[in-house]
Each structure stands twice: as C-alpha cells, then as structure tokens.
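Shown next, in structure tokens, is the structure this report addresses.
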Amino acid sequence: MASDNVSWVRPIWNIEMKNVCFATAAALFVAATTVAMAADEPRHTPEHVIGEQAYPFASNDPREEDDKPPIELPDSVAPKLALLTPEEIEFLKSNDARAFTGPAEDTIEALNERTPEEVQAWVQAMQHVVNHNRYEEGRDTPNIRLNTESPKFNAWRLQRPRSMDPAREAGPIPLGRYDGKGGPPTFGRFPLALSTEDLVAGEVDVAILGAPLNMGSGWRDSGERATADLRLLGWPLAGLDQYVQIKPSEVLTIVDYGDVAVDNDNTERSMSHIRDIVREIAATGAVPMIVGGDHSLEYPNVAGLADVYGKEKVSVIHFDSHYDAWWGGNHLIGHGYPVYRLINEGHVRAEDYIQVGLRSGGPDKTGFKWMREKGMRYHNMAEVEAHGWDAVLDRVVAEASEEGRKLHISFDIDVLDPAFAVATGTPVPGGLTMREAIPIVRRLCAESNVVGFDLVELHPALDPTYKTTLNSTYIIKACLTGLAMNKEGLTEKHYLSPLSSEHAIDDYYGEQQQYLDATRAEEEKDKDEEKEPQE
Amino acid sequence: MSPQGILARCGMVTLILALLLPPFERAAGQWPIPEELLAPLSALNAEQLEFVSSGAALEFIPERQLEYELATRDADSLRSLVDDLMAVAAEMGYDPNRDMGATPLNLASKRFNKGKLPTPAPLRKLKRDAGPFSVHRYLFPTSGVPTFAGAKVAIWPEDLVAGKVDIAIIGIPSNASSGRRDARHGPNAMRATNTIAATDEQSLIEPHEILSVVDYGDFSVDWLSTELTVDHVTDMVAETAETGAIPMLVGGDTSMLYPGVKGIAKARGRGTFGLLQFNAHPDSERFGDHTVSDRQAMFLLLDEGIVNGSETVQVGLRGSALDLESLQWLRSQKVRYHTMAEIQQRGFDKVLTKVIREVERGPDAFFVSIDVSVIDPAEMIAAGRIAPNGLSIDEVTRAIRHVCAAKDIVGFEITDMAPMLDVSRLSVINANAVLNACLVGIAVRKAGLEPDYVHPLVLDHGQR
C-alpha cells in the first residue's frame, strides 16, 4: 500500500480539539433553538403543490431544444410533393420529421421510392405522431386527479398524537428489556425516536429513516420489505470498525426514526411528505440517513436539506450506475429524474453535483455535453478504466471535501457490481467492489462535512440470499464510522488505525518506526482523555 | 406489581389491541357513552364534548381505548388528548389550500403520450399482408421467440380479422399492485414458460385445431400512473373485442381488471354480460384517495354500471380487506359472493355447484377474471397480494374450465402474478394452467361437447 495515501498520524488532543467540542455543543444548542422556532413555521415549502396547481417551474427540457436549420430538398423531388400543402412541405424539411426520415439524403431516397399519394400519407402520419405525442388541452388530462372527495384523503400520512400513548419523557426509546436490546428489530438495534422532540432531547447525531417508496423503480420491491430487511440485518451497524478502531455507537447518538409514510400509487404525493420529515430531522442538527426505497427519494431528501441549510448551499455526491438527470417525459418525478429536478428547482447548483460510478446505457453525448457545460463533476467507470480506482477515489474525496461544502451522499446500491448487489431494480455489471465502496463512503463521511445520506434501490426479493442487504448494511456502517471519525476529529486524508493496519514487527514497508510512534501517540492521547473530566 | 406497573401494562395491552383491531365502522351519530364514563366528560368544553359524544373520535381511536382513557386520565390530560384527536380529524380530509388534489404533469413534454401511440400504417417499417404470422423458422418448433400458447403473433386489428382469430392473448404489464409488486413481468414469464394449449388430457381435444389463437403482444402502460393507463387499455381492449376475437388478458396488477372489463363493455354494451371473479380480495374500496387502483377495481365496475351486481359472482374472498362494511356493500349491490369461510363450512363442491347455478341463471355472456391471490400460497406463492387458506389449483381450474365451456365468454383476465416472488417455476406454471383451463373450456364449447366432457379412453382403461 502506498504510504502517501494513508495518514497514520493522529492529531494530539489539544486546544483545537476542545474548540471542536465546544463548537459541537454550541451547534446542538442552536439546533434545539431552531426546532423550537420551527414549530411555528408553515408546514409546507413554497413549492408545495396545492389544489390543482400546475408545476410551478419551467418543465421543458432545454437539451431537447433543437436549433438545426431545416433541410433543403432538391427540385428533382418536387413532383413527389405535389399533393402536400405548404405546411406539410415545411414539416417534412423540419427537424421534427428527421426522427422518422433520417438525414436529408435518406429523405430524398424515401421520397423517390414513393408515389405522391404515398408521400402525402407518409407525411401526415408523421405529423399525427408528433402532434399526438404532445399534450393537447381538451384531449389529454393535464394532471392525475386524486379523489378529493375521500373522507380519508390524508389518512396515509396522518401522525399519531403523542397523547394517545402513555406519557413518557422525550428522547430515544429503547424497545427491549436487556439494556434496551431484545425488542422488535430496529436499524442497528438503536433506540427508536418518533418526533423531533425525541431527537432534540436525546441530542441525536444521526436519525435513520426508512422510506419504503417503490413506485418509481424498475423492479418494485423496495417497499416495506427493504426497510424491514435492513432492520432484520441491522446488528452490524452498531459494531466496532476494525480499520479505524472506532465504534460508531459509542461516539454518536444514533436512532431509528421509523419509516416515513409514502403513497406508493403516487410518487409526487409522497415527495412533499418525505421532504417535510427530512426537513424536520435536519432542523434539529441531526444527519438524516434515509434508507430503502427508489431513487426518486434523492429529490425530497436534498430539497429537505436545502430547506434547512438554504438553497444552493448543499452539494450532492451521487453514487449510481445511472445519471438520473433524465427529464422531458410526461411525469415530473420517477427514479430517473431527481438530479434534473433538484437543479431545475434551484435546490442544488449543477456545479455542486459530483457523480460517481456511472456506466449505464445513458446518457448519450447530449447528456454528457449538458453535464460538462453545467460544470457537474462526473466520474464514470470509464474514468476508472482509464486511471484506476485509487486516482479517482482521491480526486472525488478532494472535490467533495472542498472548503465550505455541506454534503449529501446519495448512494444507489446499483453503483456496486451486481456480484455484490444483485437485489436492485436496475443492476448494471462492471461496478464498484465492496473493497472500493467501503473506503470511499467511510472517507467521505469522515473527511467532508456530511449533512445527509441516503441508500436506495434495495429490492430484497431479487436476492434469495441476504448478500445484498448485508452489503447495503455495511455501506451504511461505513458512513456511520466516518461520521464518528469526523466527530472525533479524525478528518485527515485516509486515516487508518496505526495499530490495526500494520503489525510493525518488522520493517517490511520501511515505515515500522512511524507506525510504532503513531500507535504510542494514540495511547498517550487515550490516557490523557481518561484523565479529563467526563462531560 | 406496583399500581404504575399495572397501569403501564394495561396501557400496553390497550395499545396492542388498538394496533390489532381496525376501527369499527359506525354510522354518523351518537356514541353511546357508558354511564360510568360521563363524569370525566365534564372536563371538556362544548366543542370537545360534541366531538367525543358524536362518535367522530372513534375513527381514530378504538372504542375500548377511548373508554380506558376516559376512565383513567385527569382533566388536563383528557383535554389534550381530545384536542389532538380533533386536530387529526381536521387534517383527515382534503383541503385545497393545504393538499395536492391533482399531480401536475410535464405539459411541455414532447413525449407526453409516447408509448400509447400505435405506429400509423405509413410509418411501419415492414410491409406485409394482414394475418397472424409465425415467429419460427421450423415447421415443428420446440423453442424460439416465446409467445403465449406458442401461438402465432398478431399486431394490428386487421391481422385478427384476416386470421378470423378466436382468441387474442394479450399482456398488460402494469405494476401497481397494492401488495408486493412484480406483476409487470407476469406476461413475459407466462410466455417464456409455455404450458398453454397442449392436448387436453380430459377431452383429448387439441385447442389449436379448434381455435385460432394468437399472441397479440402487450398493451402499453404508464409505469408511474394507473390513472394514465386506464383509458388506453380500455380503448385497446374494445378495439380487439370489436374484431370478434375474445381478449384473454394477462396482467399486470388487478387495477387492470377495470379497463379490461370496461373495454369489453365499450365494445358490447354495459350490463350485457356477467362477471365471474375469483379473488381473495373484494376490491370494493369506496372511499379511496385515488381514482383507480386494484383495491377499487370491483367498486368502479359496479358503481359505473359496467356490470350489474346481480350478475357478478365473486369466489374465494378472504383477506384483510374483507370487513363488515365491504360485505354489507357487496350484499347491497346484490353481488353473489362466496367467501372462503362459506367454502370451508359447506365444502368446495357444494359451493361450486351454487356458483355454476348462479352463472347459468345469469346472462348468456360472461367475463371470467381471476386475481391469482385466490389460489393457496402453496400453489401460488407469487401472488402479489397473497392470502393464506385459499383454493387449490385443481378447484380453480375445474371451476373456470366449466364456466368457460358452459357460457359465451366475452373476455378473460388473469392478474397479479409477480414472478419474482417465486424462485421456482410453480407459480408461472399454475398461472398458465388457469389461462389454459378457460382456453380449453372455450375449445370444448366450440367443439360442441358438454362442459365437463371426459373422453372414454381417458376415464377408464377398459380392461376386465
């Protein structure tokens, strides 16, 4: 292993670290105050669609705007156009017709093969398709109506008043009788929290939220099965991380924040509610960690963070085999649209988007040209093929850790190779290994300022083994470990424990003494810490 | 145990009961408050009192728990509970200033209706004469491009007309089941595991020799909206039926029952045929917040008069949606329903006899539909909305074969088989067996045989 990639020198506990502690305490206080104030604020964001509003943003896809000039037709084909009206001739020359006729020379050849009558029917058929593909008032319904007469219209998202259950103090709720364990399964066997009061009272650092959304997916099993399976297999989350010798659950207060209500017959409807819940978590200062469902979730997750931290104040790193910036279909959300929609609505600047692992059939040149023009930092598997993973890893972490960035990590498990994550809606071979994915997630959560995280597109039924759920769990754990390292101040480049990463009995790598010194320094520091009065 | 402990335990028990028991549906009006609980009510103001005594609170809290809360809470705590429940009640219905009443769509899209637009004739790449065509190179193929029943392919209505097609088997790969979702892969799984239209081991007829069967491809669906799928499927089913072919529809989730039956009604007239449905779920949800879904399919068909309740027979009902209210409503609609409880009480054969009699007394024409959840999970683990204690595959195929042979079948639909949920091929094979039962039934009828005809060679070896 190249030594310049590994930092084994742990900072000595000093006045700066104390400042970090004070800053953390102050941040928690500010967060608690923010929550108290937030209670009076309107529940919904300005963009929340109410009644039968149209989409309150421009919705055309500028990438589809086409400024090519119309083609020229030679005089020799004029007899073939005899039956066409001037409008029909203009259409035949236009770019709308190119989708059917191909380039000019193909058009001329096709005209020569047809009689004037056939040409007329041909052009009219093209116009029919172009016109019928577009929305037409009166013919097409402009929206998807819900049954507003339903007396149970909001039953799906109504929250149970705290007063319906026996009184308890606010804070995380242990569900078991043995030191909180032994109850119904929660993420990581962490205690449950049901409201922001619980998060504030417990000074919660990370709230893991299940999101059983599956309407927007290719294969649809990312519903309640995904969040349930992640809970059933939750135990590795709490354990010691051998690489860095940190146990996240000892450093961070982590809770299971239950599942967010979703309407799996209408993704758009789920969006505003999920955004509300993500916002309420983030407003307490806790990191919302959203797990489970389809990648439409990236939209409400990041929008919810932007509601708290401000528009264009959050950067996103998007791990995925797909770029998810599709647009221009009849729908405004689905698991292929969240990136475009977030940029379109101004929640995230395009240049604050970093994408890692792309390798699916799209985007094409138009999509990549758009990303490059917009300043998006994309790191496709083609770049990994050209430069190797280690180079890309360092570049990505450096970009994500730039000064001042608040980072949301959106981890679609299809970024992993199907060998590691076959239970996903749209798997694509040639992806990351777990040995690549764990370090990058751990490092990002340790070395950058992570304010949100999601892990999406787990479809347990597609994997009769529990491998995909296990690997998903370890991705979440990698981030929890990183967040714990960050809180402990272990934010330097690629920290690994000098004790666990090298036996240092001989000088095989020529760094024996450095490892031994670093280990001793850590031992000294741990002793100092024991002497310090506990908080 | 300390008094607090007992209270906590009571609370826990009540909580568990609250989770287990669905709120009891009750007519608007008064809640007969037990006399011993009247005293605590004096703590409430007029508005709160009205809310509790009207019974409106029971929509949100089970009666038992409310009684317990009245008996045990102090005045402040009771007031705050009632206030909270009133706040929840105020948020329950639709408010145009708070809630989205309709999902906006991308009206600027250049592909707003893409996928729902069949290619006009002048733009079709290949010129050929109308009629069903084989997808095979060989005269006696054993593999190749998979089609339903190994049948020829037809693409356009003129193919059906030219081929005088009797049966058009069609996939509708919708994927919005309210259970586990993978029904979109049902049609292709059934094509890929072809066990349809082989020699019938009961009558020894060859379905392909009696009927002209085609694979009519899939009808397009909008993955993200059942609402936006319904009209196109309705139109396509109607167009198919108008050629004289019988559409045999393969879902897709059970929301597609609505456009399936509606399309036949569009071609043949509302209320001109009966509906025999095998389903674990009544699908008669009346107050849903959506305009269409699998849970509402039967309600929509009955409510819009597409089929008459008295000419609708449902078999195999059970499952969590089969509550008092839904049964009362089905009865009020004169639906002939047969629950699994009835079948367990009286035995399947007796109930089947009754079902057959009801069908015989109904109109000449029938639409036969099955949500695969009606079959026991032992033989259909891939049902999206699975419910234990169902019918056996033998019971279902026997019933369907008889009815398809006894009546003039105007349409058939099988829905909500989600292949991903079965790592074996069993569910797909049994789904094919169900479709095959109706196909063979139709062939038996066309051949002029009695519905339950058994060839003498099959029935007995004839040796002394």
Segments classed as strands (runs of 3 or more DSSP E), wholly inside the range B:308-380, with at least 2 members that are of a type in the set (V, I, T):
B:312-317, B:365-371
When every residue in the range A:301-310 that is open to solvent by less than 10 Å² (accessible area, probe 1.4 Å) and not hydrophobic (A, V, I, L, M, F, W, C) is compared, the one nearest to A:D454 (Cα to Cα) is A:N301
Among the numbered criteria (1) open to solvent by 60 Å² or more (accessible area, probe 1.4 Å); (2) in contact with a helix residue (DSSP H, G or I) (Cβ under 8 Å, 6 or more places away or on another chain); (3) hydrophobic (A, V, I, L, M, F, W, C), which single criterion is violated by A:A54?
(2)
Mind listing whichever residues of the range A:495-506 are in a loop (DSSP other than H, G, I, E, B) and either open to solvent by 30 Å² or more (accessible area, probe 1.4 Å) or hydroxyl-bearing (S, T, Y) (or both)?
A:S497, A:L499, A:S500, A:S501, A:H503, A:I505, A:D506
Criterion violated by A:T465 - all others in (1) at pLDDT below 95; (2) buried (at least 18 other Cβ atoms within 10 Å of the Cβ) satisfied
(2)
Say whether the condition of being in contact (Cβ under 8 Å) with a residue 12 or more places away in the chain and over 30 Å from B:G288 (Cα atoms) is met by at least one residue in the range A:262-280.
no
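Looking at B:D83, B:D129, can you tell me which residue is more than 30 Å from A:G329 (Cβ to Cβ), open to solvent by 60 Å² or more (accessible area, probe 1.4 Å), assigned to a loop (DSSP other than H, G, I, E, B) and not β-branched (V, I, T)?
Numbers: B:D83 fails: assigned to a loop (DSSP other than H, G, I, E, B).
Result of the check over B:D83, B:D129: B:D129.
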Total residues in the range A:426-449, condition closer than 16 Å to A:I317 by Cα and either polar (S, T, N, Q) or out of contact with any helix residue (DSSP H, G or I) (no Cβ under 8 Å at 6 or more places or on another chain) (or both)
2
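Based on what the data block shows, is A:L233 modelled with pLDDT of 95 or more and either closer than 20 Å to A:V456 by Cβ or within 14 Å of chain B (Cβ to nearest Cβ) (or both)?
Numbers: modelled with pLDDT of 95 or more: no; either closer than 20 Å to A:V456 by Cβ or within 14 Å of chain B (Cβ to nearest Cβ) (or both): yes.
Criteria not met by A:L233.
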Number of positions in the range A:129-148 that are more than 18 Å from A:M271 (Cβ to Cβ), at the interface with another protein chain (Cβ under 7 Å from one of its Cβ atoms) and in contact (Cβ under 8 Å) with a residue 24 or more places away in the chain:
3
Just need a number here: residues in the range A:371-404 that are within 19 Å of A:A306 (Cβ to Cβ) and more than 16 Å from the chain's Cα centre (by Cα).
4
Counting residues that are in contact with a Leu (Cβ under 8 Å, 6 or more places away or on another chain) and open to solvent by 20 Å² or more (accessible area, probe 1.4 Å), which strands (runs of 3 or more DSSP E) fully inside the range A:196-297 reach at least 1?
A:254-259
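Look at B:T119 and say whether it is within 14 Å of chain A (Cβ to nearest Cβ), exposed (fewer than 15 other Cβ atoms within 10 Å of the Cβ) and more than 23 Å from the chain's Cα centre (by Cα). Working first, answer last.
Values: within 14 Å of chain A (Cβ to nearest Cβ): yes; exposed (fewer than 15 other Cβ atoms within 10 Å of the Cβ): yes; more than 23 Å from the chain's Cα centre (by Cα): yes.
Against the criterion (within 14 Å of chain A (Cβ to nearest Cβ), exposed (fewer than 15 other Cβ atoms within 10 Å of the Cβ) and more than 23 Å from the chain's Cα centre (by Cα)), B:T119 qualifies.
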Counting only residues in the range A:128-148 that are assigned to a helix (DSSP H, G or I) and polar (S, T, N, Q), the one most open to solvent (accessible area, probe 1.4 Å) is identified as A:N131
Would you please list the contacts, defined by Cβ atoms under 7 Å and residues six or more apart or on different chains, that run from a residue in the range B:381-400 that is over 12 Å from B:L352 (Cβ atoms) to a residue that is of a type in the set (F, W, Y) and surrounded by fewer than 24 Cβ atoms within 10 Å (Cβ to Cβ)?
none
Pairs with Cβ under 8 Å, 6+ apart, first in the range A:169-192 and farther than 12 Å from A:V255 by Cα, second modelled with pLDDT of 95 or more and among the small types (G, A, S)
A:E169/A:A201; A:A170/A:S195; A:A170/A:A201; A:A170/A:G202
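State the number of residues belonging to the range A:84-103 that are of a type in the set (D, E, K, R), open to solvent by less than 60 Å² (accessible area, probe 1.4 Å) and over 40 Å from the mean Cα position of the chain (by Cα). It would help to see each step written out before you state the result.
First, the residues of the range A:84-103 that are of a type in the set (D, E, K, R): A:87-88, A:90, A:93, A:96, A:98.
Restricting the remaining residues to those that are open to solvent by less than 60 Å² (accessible area, probe 1.4 Å) gives A:88, A:98.
After this cut, where a residue has to be over 40 Å from the mean Cα position of the chain (by Cα) as well, the list is A:88.
Count: 1.
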Out of all the residues in the range B:413-424, is one or more assigned to a helix (DSSP H, G or I), under 30 Å from A:H459 (Cα atoms), open to solvent by 30 Å² or more (accessible area, probe 1.4 Å) and modelled with pLDDT under 95?
yes
For the range A:149-187, name all the residues that are within 34 Å of the chain's Cα centre (by Cα), part of a loop (DSSP other than H, G, I, E, B) and at the interface with chain B (Cβ under 9 Å from one of its Cβ atoms).
A:S150, A:K152, A:F153, A:N154, A:L158, A:Q159, A:R160, A:P161
Could you check how many residues of the range A:507-535 are under 25 Å from A:I254 (Cα atoms) and either among the polar types (S, T, N, Q) or open to solvent by less than 30 Å² (accessible area, probe 1.4 Å) (or both)?
1
Sole exception among (1) within 11 Å of chain A (Cβ to nearest Cβ); (2) touching a residue at least 12 places away in the same chain (Cβ under 8 Å) for B:S109, by number:
(2)
Quick check on the range A:412-425. Is at least one of its residues farther than 13 Å from A:L458 by Cβ, touching a residue at least 24 places away in the same chain (Cβ under 8 Å) and touching a helix residue (DSSP H, G or I) at 6+ places or on another chain (Cβ under 8 Å)?
no
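For (1) free of Cβ contacts under 8 Å to residues at least 24 places away in the same chain; (2) of a type in the set (K, R); (3) touching a helix residue (DSSP H, G or I) at 6+ places or on another chain (Cβ under 7 Å), each residue gets a yes or a no:
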site	(1), (2), (3)
B:I264	no, no, yes
B:F287	yes, no, no
B:V292	no, no, yes
B:A297	no, no, yes
B:G305	no, no, no
B:V313	no, no, yes
B:R318	no, yes, yes
B:D323	no, no, no
Screening B:T243, B:T195, B:T234, B:T199 for residues that are away from every other protein chain (no Cβ under 13 Å), within 30 Å of A:T267 (Cα to Cα) and surrounded by fewer than 24 Cβ atoms within 10 Å (Cβ to Cβ) leaves only B:T234
Members of the range B:166-205 that are modelled with pLDDT of 95 or more, closer than 18 Å to B:A154 by Cβ and among the polar types (S, T, N, Q)
B:N188
Any residue in the range A:490-516 that is over 29 Å from A:V441 (Cβ atoms) sitting within a Cβ distance under 9 Å of a residue that is small (G, A, S)? List the pairs, counting only those 6 or more apart or interchain.
A:G510/A:S3; A:Q512/A:A504; A:Q513/A:A504; A:L516/A:A504
Could you tell me which residue of the range B:147-170 is farthest from the chain's Cα centre (by Cα), considering only residues that are surrounded by fewer than 24 Cβ atoms within 10 Å (Cβ to Cβ) and of a type in the set (G, A, S)?
B:A162
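The values are calculated or read from the model by the stated rules, or taken from the named source; none is laboratory data. Values in this document were obtained by computation on a predicted structure and should not be read as measured data. Positions of Cβ are backbone-derived with ideal geometry, glycine not excepted, and every protein chain shown enters the neighbour counts. Please note that ligands, DNA and RNA were not included when accessible areas were found on the heavy atoms of the full protein model with its side chains. Shrake-Rupley method; radii C 1.70, N 1.55, O 1.52, S 1.80 Å.
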